[in-house]
Amino acid sequence: MTAQTTVIPALAAVAPPAPPPSPPRLWGHVARRCVLAPIVVLAPLLAVAPSRDHRFNVYWHGGMFRDDPGAIVSHTIASGDVYLRLGNFRPLGRMLEKSLDLLAFTGTQQLGLPVNVTLRAVSIGAAVLLTLAVVLFAESVLTRGPLFAGTPSRVALLLPYAVAAGFVAAGQDSTTILFGGLYLTTAALVLTVAATACRLDRLRWWNGVLAVTAGAALAVFNEPAYFAVPLATAAVLIRGRFVLGQTGRELLTSAGVRFAGLLWAGFLPAFATVRWIIRGFCAQGGCYQGSDLIVDGRSALLLPVRMVAWLPPLQWRAATAATPGDWLRGVVPVVALLLLGALAARTLLLLPKSGVPAARPLLGLAALGVVVLACGALLATLSVAVRSAMNGRELWELGWRDSALTVPGGMLLVVALVLLAGRRTTISALAALVLLGAVSATANRAYADTVAVQRAAQLDNRIAAAMGSFDRSRAGDARRCALLDEAITANQGKPFLQRRYRDSLDVAAHTLAGVPFCARANR
């Protein structure tokens, strides 16, 4: 008897579905874009000459504090009375500014690079810090649970490209050119304070002490830092309503609102006292114009103007106004587009893995974008310096200190509105942001080319090169003396600037090499 044998075919192996990217992996992707996207856009500015007070401060502060960084604190406190009488009292901001100058000077000493390069590198680092702070702020508002336990939202994936596209050299007073390290870092501080208020779920006693102390410190930091307190208040209120769905009673008794109240408790007495003293000293005029404020009927007209002055197309015009020919031609736009496109290609693959916030939280984020925009624009609207330096079209296009806040605020608003428009717009928005970033990098290259042919900028860059590769020989001294003579001649009739050149360069040279910048001038 024969038994029939049945052959059963082997079951085809079924590959298990690929697991979604883990939260740390996605957060790492976001963090890398926060670093790389601003670097691509700002790299063309890396060799732009120092200008205004940067020409002196980086040498002066670097030379003074290289061997004793702790003296930054004592030196600032000792000179506080002078600045108070001048109406420019911001001791904590000055400490940060001196520290950043010292960092740039140390880079020159250790790496042998010209100070213009290290100074711009510090500014680019501050831009990276601000981009990270914008993402942290947005996710702190949108996320209900632990911040880094889940995957970042689609907002976090788009924001690095959006913020980077706004870093345009829109004139010599733009934060990408002048005091970028100070004001971009200050803007990052403002957003971080607001993010901290949003993430508090329980107010402990030390949180209260920290809030009061931080509020008082913000009052003596600098003008943009003032807006950390109202922004933190708006952030906890809007998040409570739009994200957490709290009732009025729950909202007013929440840890975030109480933290914001304690910020005000520390801020208002310090701010009012300082402004009252300054008003007494400066009532007759003659004080530092950059800190003067004015409130009149024109303020209502200027506010909406400065609220749109951050838009990249408007900034492109300011950056390229003096550029002959077609500034969009060349290698830079192609390289920038390829680099940003390569970064965005990976982001495009991860978009389906990220969550899209609901409409109500996105509306709250859009509202906060408007608040950040208004805070930054108010800084310029009330400034006497802005009204003195800008007129007509310049008010719409030129950057200033307010750009450090209006750029992230405007881009928060744009990204929130894009996602509110629907999922299908996300890919188009990412492509548009990459294109904006490439054009912004090209505008920065055009600005750098325009500055490079200016005689004053060439002189300052040659001084920076001489300081970066300090030659102790007689020939080196002769070359430095020729540079100093050229600087003195270029500032004929300006004894204050002539003295600043001599003193700051001497301080730096003594620190670097133990000799004067020009030995002949000291005989």
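Since GLY290 meets every condition but one in (1) under 28 Å from the mean Cα position of the chain (by Cα); (2) at pLDDT below 90; (3) under 22 Å from GLU139 (Cα atoms), which condition does it not meet?
Against the list (1) under 28 Å from the mean Cα position of the chain (by Cα); (2) at pLDDT below 90; (3) under 22 Å from GLU139 (Cα atoms), GLY290 comes up short only on (3).
Filter the stretch 308-317 down to residues that are surrounded by fewer than 23 Cβ atoms within 10 Å (Cβ to Cβ) and in contact with an Asp or Glu (Cβ under 7 Å, 6 or more places away or on another chain) and give me whichever is nearest to LEU373 (Cα to Cα).
LEU314
Could you check how many residues of the stretch 332-352 are in contact with a helix residue (DSSP H, G or I) (Cβ under 7 Å, 6 or more places away or on another chain) and within 18 Å of LEU419 (Cβ to Cβ)?
Residues meeting the conditions: 5.
Check PRO495 against each of (1) exposed (fewer than 13 other Cβ atoms within 10 Å of the Cβ); (2) farther than 17 Å from ARG52 by Cα and name the one condition it does not meet.
It fails just one condition, (2).
As an exercise: evaluate THR196 against (1) farther than 20 Å from PRO146 by Cβ; (2) among the polar types (S, T, N, Q); (3) surrounded by fewer than 24 Cβ atoms within 10 Å (Cβ to Cβ) and give the number of the one condition it does not meet.
It is condition (1) that THR196 fails.
Out of all the residues in the stretch 149-185, which are open to solvent by less than 10 Å² (accessible area, probe 1.4 Å), in a helix (DSSP H, G or I) and within 29 Å of LEU26 (Cβ to Cβ)?
If the condition is that a residue be open to solvent by less than 10 Å² (accessible area, probe 1.4 Å), in a helix (DSSP H, G or I) and within 29 Å of LEU26 (Cβ to Cβ), then VAL155, ALA156, LEU157, LEU158, LEU159, PRO160, TYR161, ALA162, VAL163, ALA164, ALA165, LEU184 are the ones that fit.
Filter the stretch 31-58 down to residues that are at pLDDT below 95 and either basic (Lys, Arg) or assigned to a helix (DSSP H, G or I) (or both), then give me how many there are.
Looking only at that region, the number is 6.
Can you tell me which residues in the stretch 186-222 are in contact with a Leu (Cβ under 9 Å, 6 or more places away or on another chain), more than 22 Å from LEU365 (Cα to Cα) and assigned to a helix (DSSP H, G or I)?
Within the stretch 186-222, ASN207, GLY208, VAL209, LEU210, ALA211, VAL212, ALA214, GLY215, ALA217, LEU218, ALA219 meet the criteria.
Which members of the stretch 67-89 meet the condition of being open to solvent by 30 Å² or more (accessible area, probe 1.4 Å) and not hydrophobic (A, V, I, L, M, F, W, C)?
ASP67, ASP68, PRO69, GLY70, SER74, HIS75, ASP81, TYR83, ARG85
Among residues belonging to the stretch 421-453 that are outside any helix (DSSP H, G or I) and at negative phi, point out the one that is modelled with the lowest pLDDT. It would help to see each step written out before you state the result.
At the first step, the residues of the stretch 421-453 found to be outside any helix (DSSP H, G or I) are 421-424, 453.
Cutting the leftovers down to at negative phi gives us 421, 423-424, 453.
On the way: ALA421: 88, ARG423: 70, ARG424: 77, VAL453: 92.
Top of the filtered list is ARG423.
When you scan the stretch 341-357, do you find a residue that is assigned to a helix (DSSP H, G or I) and in contact with a Gly (Cβ under 7 Å, 6 or more places away or on another chain), even just one? Explain how you work it out, then say what you get.
Narrowing the stretch 341-357 to residues assigned to a helix (DSSP H, G or I): 341-353.
When the remaining residues are screened for being in contact with a Gly (Cβ under 7 Å, 6 or more places away or on another chain), the result is none.
Taking every residue of the stretch 341-357 in turn, none turns out to be assigned to a helix (DSSP H, G or I) and in contact with a Gly (Cβ under 7 Å, 6 or more places away or on another chain).
So which residues in the stretch 232-255 are part of a helix (DSSP H, G or I), over 11 Å from VAL141 (Cβ atoms) and open to solvent by less than 40 Å² (accessible area, probe 1.4 Å), if there are any at all?
ALA232, THR233, GLY248, LEU251, ALA255
With the requirement that a residue be of a type in the set (S, T, N, Q) and surrounded by 18 or more Cβ atoms within 10 Å (Cβ to Cβ), what does the stretch 203-226 give you?
Filtering the stretch 203-226 for residues of a type in the set (S, T, N, Q) gives 207, 213, 222.
Of everything in the stretch 203-226, just one residue is of a type in the set (S, T, N, Q) and surrounded by 18 or more Cβ atoms within 10 Å (Cβ to Cβ), namely ASN222.
Being modelled with pLDDT of 95 or more, open to solvent by 60 Å² or more (accessible area, probe 1.4 Å) and not charged (D, E, K, R) narrows it down to one residue among VAL334, VAL295; which is it?
Numbers: VAL295 fails: modelled with pLDDT of 95 or more.
None of the others qualify; the one that does is VAL334.
Residues ALA456, ALA475, ALA487: which one is exposed (fewer than 13 other Cβ atoms within 10 Å of the Cβ) and not in a loop (DSSP other than H, G, I, E, B)? Give the steps one after another, and end with the answer.
Working: ALA456 fails: exposed (fewer than 13 other Cβ atoms within 10 Å of the Cβ); ALA487 fails: exposed (fewer than 13 other Cβ atoms within 10 Å of the Cβ).
ALA475 is the lone residue from the list that is exposed (fewer than 13 other Cβ atoms within 10 Å of the Cβ) and not in a loop (DSSP other than H, G, I, E, B).
The values are calculated or read from the model by the stated rules, or taken from the named source; none is laboratory data. What you see is a predicted model, and the numbers here were worked out from it, not measured in a lab. Ideal geometry is used to build each Cβ from the backbone, glycine not excepted, and the neighbour counts take in all protein chains shown. Note: areas computed on protein heavy atoms with side chains; ligands, DNA, RNA excluded. Shrake-Rupley method; radii C 1.70, N 1.55, O 1.52, S 1.80 Å.
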